[in-house]
Amino acid sequence: MSGPSLNDPASLFREMVAQWEAMANEFGANVLKSGEFTRVMHGANAATLKIREASGDMMERALSAANMPSKAEVADVSARLSRIEAAVERIEALLVAQNGASVQTAAAPTRPKPSRNRKPPAKVNG
């Protein structure tokens, strides 16, 4: 580019933005290369981890005081329940294989189906 045209204000603006981006990239590269920036970022990361650990401990104490399970305890119970369900499924499969019959559940009893006519059901007085 030979330079921004005086007749086109948009080209002047584009040139200005391109120069600003180049200067910002150069400044950022110099800052990131410095050892001081590395030390500051390491300190910030360490502080963040300490805050996260302290808030986790505080939440665990609050849940314990309220007699509620923590996230780790809920995850443990969930994992144990999954193992129990898998064991029950294996036992059911073994029973089906031994008996050669399907296992029926008592949770789904058969209900009588309504009649398919246009008459309303008889009212029961009681």
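Quick rundown of the values:
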item: Single residue of Leu81, Leu63, Leu49, Leu32 found to be without any contact (Cβ under 8 Å) to a residue 24 or more places away in the chain and in contact with a Ser or Thr (Cβ under 6 Å, 6 or more places away or on another chain); result: Leu63
item: Cβ-Cβ under 6 Å pairs, at least 6 apart or on other chains, region 1-25 side on the phi < 0 side of the Ramachandran plot and at pLDDT below 90, far side surrounded by 10 or more Cβ atoms within 10 Å (Cβ to Cβ) and part of a helix (DSSP H, G or I); result: Pro4/Ser11; Pro4/Leu12; Pro4/Glu15; Ser5/Ser11
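The values are calculated or read from the model by the stated rules, or taken from the named source; none is laboratory data. Since the structure is predicted, the reported quantities are computational estimates derived from the model, not experimental observations. Backbone-built Cβ (ideal geometry, glycine too); neighbour counts: all protein chains shown.
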